[in-house]
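Trainee: Here's a structure for you.
The values are calculated or read from the model by the stated rules, or taken from the named source; none is laboratory data. The structure presented is a predicted model; accordingly, all values stated were derived computationally and were not measured. All Cβ positions, even for glycine, are placed from backbone atoms using ideal geometry, and neighbour counts span all protein chains on display. Protein only, heavy atoms only, side chains kept; ligands, DNA and RNA dropped before computing areas. Shrake-Rupley method; radii C 1.70, N 1.55, O 1.52, S 1.80 Å.
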Amino acid sequence: MTPVRLDRRRFLEVGALSLAGLRVLPSLRRAGEEVVVRLRADPAGSRVWFEPRGVAILPGTRIRWELEAGVHTSTAYHPDNARAPWRIPATATPWDSGYLLEPGRSFSVTLTVPGVYDYYCAPHEAAGMVGRIVVGEPGAPPYFPAARPEWRPLPQAAAHGFPEVATIVRHRAIR
Amino acid sequence: MPFNARFTIRPITLAAAVLLASLSLDGTALAQEASPAAPFQKVSALVPLPDFVPGLGILYVDPGTLPAGPFLAYGRDGRLVSTVYMLPLATFERHEGWAGLSAAKAAVDHVDVVYNAGHPGVAEPHYHVILWHVSREAAAALAR
Ligand SMILES: [Cu+2]
């Protein structure tokens with residue numbers, strides 16, 4: 001449940017790397033800024049979603065999930081979280097907000113390792129409530145290791161819920 | 001929400017209606033007081049849910065009957081408002097059903113069948129079948 005710590009040294013390395021080696025998208029929010037993802041639900045609880053469900057950020061940007069309605073979590077796809085499949089960069093730290101119950105409550109992490117991060121809402125994963133964050137400009141396909149028997153499988157609705165990486169990079173935020 | 005909107009065109013709704021018709025309301029005696037006796041427990045003490053769930057009220061369940069229930073819902077004034085069953089879609093898809101579900105010994109005013117994407121306790125898509133023991137107006141007042 002501990003938020004990802006901003007490792008200053010790694011942050012600086014990543015910053016230098018992105019300036020030297022990668023084409024930095026000028027329209028991306030600057031590192032150190034904050035991006036808000038809202039956790040939403042209709043009054044009946046029939047429809048639940050992250051908004052935006054796909055977002056592109058620079059390394060070092062803080063992501064804050066804010067509860068608007070319903071009961072949700074933001075939980076990284078990582079075996080440390082209820083044997084979930086691994087769908088974040090290899091060296092990134094997984095997160096789990098725990099249940100957010102009261103509207104206005106929020107949870108933040110700062111993502112410093114470039115790559116693709118997939119996450120889900122624990123009570124709504126089976127309903128397809130998932131999100132994707134692209135940190136930096138991925139030059140390679142996301143690092144997602146092949147499924148292992150000790151990890152639980154991805155529910156079908158969740159597997160269909162992730163926007164394409166290229167689409168997220170192009171539009172910065174996908175609703 | 002217009003009343004008709006609660007009844008989606010899914011075939012599941014029909015199945016739920018048939019199921020309802022077969023339910024006996026003379027099941028286990030379930031209390032109408034402000035809180036039912038053991039083995040019923042407050043849902044908010046069992047799973048991370050608010051005490052008062054908007055649209056439903058204060059929920060109690062016998063954990064041994066999860067996920068279907070019955071859940072007993074009470075208003076803020078301590079009055080029994082509904083008996084709720086939470087029926088996972090997956091059970092319908094396996095063409096399975098439920099029999100002999102208990103219900104509160106209270107008159108049923110009207111019934112809602114509402115799709116729910118999931119919540120702590122029943123973390124999968126399911127239908128709430130709600131036997132309202134109060135008027136539509138009183139039920140609507142529970143929205144907030
Ligand atoms: Cu959710």
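Trainee: Kindly write out, for the stretch B:137-144 in residue order, the coupling ³J(HN,Hα) from the Karplus curve 6.51 cos²θ - 1.76 cosθ + 1.60 (θ = phi - 60°), rounded to whole Hz, with x marking Gly and Pro.
Mentor: Result, rounded to whole Hz: 5, 5, 5, 5, 5, 7, 4, 10.
Trainee: Still on this structure, I have one more. Taking 7 Å along the Cα-to-C-beta vector as the label spot, tell me the residue A:80-residue B:96 distance in nanometres, rounded to one decimal.
Mentor: Going from the residue A:80 label point to the residue B:96 one covers 3.5 nm.
Trainee: I'd like the mean, over residues of B:48-55, of how many other protein chain beta carbons sit within 10 Å of each residue's own Cβ.
Mentor: Per-residue shielding by partner chains comes out at 3.
Trainee: Nearest 100 Å², what total accessible surface is buried between chain B and chain A (probe 1.4 Å)?
Mentor: Heavy-atom accessible area buried at this interface is about 1000 Å².
Trainee: Which residue, A:69, A:82, A:56, has the largest displacement toward the positive end of the dipole of the stretch A:31-146 when charges sit on each Cβ (Lys, Arg +1; Asp, Glu -1)?
Mentor: Highest projection toward the positive end goes to A:82.
Trainee: Ok, one more. Which residues in the stretch A:100-117 place their backbone N less than 19 Å from a point set 7 Å from the Cα of residue A:51 along the Cα-to-Cβ direction?
Mentor: Within reach of a label on residue A:51: A:100-107.
Trainee: Less than 14 Å Cβ to Cβ from residue A:72, Lys/Arg counted +1 and Asp/Glu -1: what total charge do the surrounding residues give?
Mentor: After counting each charged neighbour, the total is -1.
Trainee: Using protein chains only (no ligands, no nucleic acids) and a 1.4 Å probe, work out which residues of the stretch A:106-154 have their accessible area cut by at least 50 Å² relative to the chain alone.
Mentor: A:123
Trainee: Whole-Hz Karplus ³J(HN,Hα) for the stretch B:76-83, in order, using 6.51 cos²θ - 1.76 cosθ + 1.60 and θ = phi - 60°, x for Gly and Pro?
Mentor: 5, 7, x, 8, 4, 10, 7, 10
Trainee: In the stretch B:122-137, which residues give up 10 Å² or more of accessible area once the other protein chains are added, compared with their chain alone (1.4 Å probe)?
Mentor: Buried by the other chains: B:123, B:125.
Trainee: Another one. Tell me whether the stretch A:111-157 comes out rounded, prolate or oblate; compute the Cα gyration tensor, take square roots of the eigenvalues as a ≥ b ≥ c, and use a/c under 1.5 as the rounded threshold. Each step should come with its number before you reach the end.
Mentor: Details: a/c = 2.55, a/b = 1.47, b/c = 1.74.
Oblate, since a/c reaches 1.5 and b/c is not below a/b.
Trainee: OK, next. Determine the per residue accessible area of the stretch B:60-144 with all protein chains present and a 1.4 angstrom probe, expressed in square angstrom.
Mentor: 40
Trainee: For the stretch A:107-175, with all protein chains present and a 1.4 Å probe, just round the carbon and sulfur fraction of the accessible area to a whole percent.
Mentor: Values: 1680 of 3040 Å².
It is 55 percent, rounded to a whole number.
Trainee: Just to verify a number: FRET efficiency for residue B:34 and residue B:107, C-beta to C-beta distance, R0 = 22 Å, to 0.05? Present the calculation step by step, with values, prior to reporting the outcome.
Mentor: Working: r = 19 Å, r/R0 = 0.86.
So the FRET efficiency works out to roughly 0.70.
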